[in-house]
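Structure first, commentary second.
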Amino acid sequence: MGNSEQILLKLSELFGREVSISEKRGVGGGCINQTSVLVLDRGERVFLKENSDRFRDMFKAEFLGLQAMATEAGPHVPKPYAYGEADGGQFLLLEYVDEGRRSVDFSQDFGRRLALMHSQKRSREFGFESDNYIGASPQVNTWEESWPGFFARHRLGYQLELARRNGRASARWARPLERIIERIGDYLTEPDHASILHGDLWGGNYMVGTDGHAVLIDPAVYYGDRETDLAMTELFGGFGSAFYSAYHEVLPIDPGYRERKDLYNLYHLLNHLNLFGGSYAGSVASIVARYQ
């Protein structure tokens, strides 16, 4: 998109003066978006995400999600500055966060702060004020009073229909999954409150800040059962026992979580199947078979 007028206008509003961009340095790590560090004329640094208009309102949704997830007690999240449209695409301006080295208590602090974020009671319903994205897939966040109903319709049910439209649903597991969705109340319970969730919490969606502690990035935010965030930390691993011990000291986990964990991760595996193809089909089929 270059140094578009729209981006410069937002930056000028942000800093309260007319600004220019001295340097635009591309950074890696994104598979959907173009990401850059902007160095301004007075040395300020701002993180820029850019995308085509293919993913409608993606950055507006991320902006709202980061705002909702930012709490004093929880893990740090980059401050969202502005979003907009430019040169036929869209952009998001964020606080630039320098990377650091893990502190000695990194895992303990991360677990405790995530639990404190989850402990807040700010919504009586499940969902979010806007739909957003989980990777490149749309994520429906229509408000629901029932958590099992929300998860059945807007998580498992939506991904199942997406798999059918993509030609990736197999008779081996699609109909059994329908039966699981129909009987979702046999598997899931109502949590004591709706927690603000990162929504896509795997090892690639946090970084280490200069203070040595975790910074949450690239969220798919909504209000739901906190167990879903915990389940995803276990899907691909890498969080460690100290993280979970510290989390459970603040928010003890219900023993039934172990029985629900794989069902929550089925949502992410279905999404990976829809995004990346058949290599995830075996994992999907295995989990569906377990809950039949």
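Would you call G65 of a type outside the set (S, T, Y) and closer than 24 Å to Y223 by Cβ?
For G65, the condition - of a type outside the set (S, T, Y) and closer than 24 Å to Y223 by Cβ - is met.
Here is a check on your reading of the model: is L201 in contact with a strand residue (DSSP E or B) (Cβ under 9 Å, 6 or more places away or on another chain), in a loop (DSSP other than H, G, I, E, B) and surrounded by 14 or more Cβ atoms within 10 Å (Cβ to Cβ)? I'd like the intermediate steps shown before the answer.
Values: in contact with a strand residue (DSSP E or B) (Cβ under 9 Å, 6 or more places away or on another chain): yes; in a loop (DSSP other than H, G, I, E, B): yes; surrounded by 14 or more Cβ atoms within 10 Å (Cβ to Cβ): yes.
Considered against the rule, which asks whether it is in contact with a strand residue (DSSP E or B) (Cβ under 9 Å, 6 or more places away or on another chain), in a loop (DSSP other than H, G, I, E, B) and surrounded by 14 or more Cβ atoms within 10 Å (Cβ to Cβ), L201 comes out as yes.
Quickly run through the stretch 33-69 and pick out the residues that are surrounded by fewer than 15 Cβ atoms within 10 Å (Cβ to Cβ) and closer than 30 Å to A194 by Cα.
R56, Q67
Between a first residue in the stretch 184-197 that is over 30 Å from L216 (Cα atoms) and a second residue that is part of a helix (DSSP H, G or I), which pairs have beta carbons less than 8 Å apart while being 6 or more apart in sequence or on different chains?
Short answer, once both residue conditions are applied: I184/P148; I184/G149; I184/F151; I184/A152; I184/L156; G185/P148.
Any idea how many residues of the stretch 214-234 are in a helix (DSSP H, G or I) and crowded, with 18+ Cβ neighbours inside 10 Å? Quick ask: steps written out before the conclusion?
First, the residues of the stretch 214-234 that are in a helix (DSSP H, G or I): 227-234.
Now narrow it down to the ones that are crowded, with 18+ Cβ neighbours inside 10 Å: 227-233.
The total comes to 7.
Filter the stretch 169-195 down to residues that are assigned to a helix (DSSP H, G or I) and of a type in the set (D, E) and give me whichever is nearest to Y158 (Cα to Cα).
Just the residues of the stretch 169-195 that are assigned to a helix (DSSP H, G or I), to begin with: 174-182, 184-186.
Imposing the further condition that a residue be of a type in the set (D, E) reduces the set to 178, 182, 186.
Numbers: E178: 11, E182: 13, D186: 19 Å.
Restricting to residues being assigned to a helix (DSSP H, G or I) and of a type in the set (D, E), the top hit is E178.
Residue by residue, here is whether (1) of a type in the set (A, V, I, L, M); (2) part of a strand (DSSP E or B); (3) assigned by TED's automatic domain parsing to the domain that holds A220 holds:
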{"site": "Y83", "(1), (2), (3)": "no, yes, no"}
{"site": "Q90", "(1), (2), (3)": "no, yes, no"}
{"site": "F110", "(1), (2), (3)": "no, no, yes"}
{"site": "A115", "(1), (2), (3)": "yes, no, yes"}
{"site": "E129", "(1), (2), (3)": "no, no, yes"}
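Could you tell me whether D211 is charged (D, E, K, R), closer than 22 Å to M69 by Cβ, at pLDDT 95 or above and assigned to a loop (DSSP other than H, G, I, E, B)?
The answer is yes for D211.
Only one residue in R175, R168 is surrounded by 14 or more Cβ atoms within 10 Å (Cβ to Cβ) and closer than 24 Å to H272 by Cα. Which one?
Details: R175 fails: surrounded by 14 or more Cβ atoms within 10 Å (Cβ to Cβ).
On inspection, the qualifying residue turns out to be R168.
For the stretch 116-133: of the residues being over 14 Å from the mean Cα position of the chain (by Cα) and hydroxyl-bearing (S, T, Y), which is surrounded by the fewest Cβ atoms within 10 Å (Cβ to Cβ)?
If we take residues in the stretch 116-133 being over 14 Å from the mean Cα position of the chain (by Cα) and hydroxyl-bearing (S, T, Y), then S119 is surrounded by the fewest Cβ atoms within 10 Å (Cβ to Cβ).
Inspect all residues belonging to the stretch 139-152 and state whether any of them is touching a Leu at 6+ places or on another chain (Cβ under 8 Å), within 22 Å of E190 (Cβ to Cβ) and in a loop (DSSP other than H, G, I, E, B).
No, the stretch 139-152 contains no residue that is touching a Leu at 6+ places or on another chain (Cβ under 8 Å), within 22 Å of E190 (Cβ to Cβ) and in a loop (DSSP other than H, G, I, E, B).
Tell me which of these K24 doesn't satisfy, since it passes every other one: (1) basic (K, R); (2) under 28 Å from the mean Cα position of the chain (by Cα); (3) more than 20 Å from D87 (Cα to Cα).
The number of the failed condition is (3).
Name the residue that is surrounded by the most Cβ atoms within 10 Å (Cβ to Cβ), counting only residues in the stretch 70-102 that are closer than 15 Å to G199 by Cβ and touching a helix residue (DSSP H, G or I) at 6+ places or on another chain (Cβ under 7 Å).
Filtering first and then ranking leaves V77.
List, please: which pairs have Cβ atoms under 6 Å, are six or more places apart or on different chains, and start with a residue in the stretch 246-260 that is assigned by TED's automatic domain parsing to the domain that holds T189 and end with one that is assigned to a helix (DSSP H, G or I) and among the small types (G, A, S)?
Final answer for the pair search is A246/G111; Y247/G111; Y247/A115; V250/A115; L251/A115; L251/S119.
Take H154 and tell me if it is under 18 Å from H193 (Cα atoms) and surrounded by 21 or more Cβ atoms within 10 Å (Cβ to Cβ).
It is false that H154 is under 18 Å from H193 (Cα atoms) and surrounded by 21 or more Cβ atoms within 10 Å (Cβ to Cβ).
The values are calculated or read from the model by the stated rules, or taken from the named source; none is laboratory data. All values derive from a computational prediction rather than experimental measurement. Positions of Cβ are backbone-derived with ideal geometry, glycine not excepted, and every protein chain shown enters the neighbour counts.
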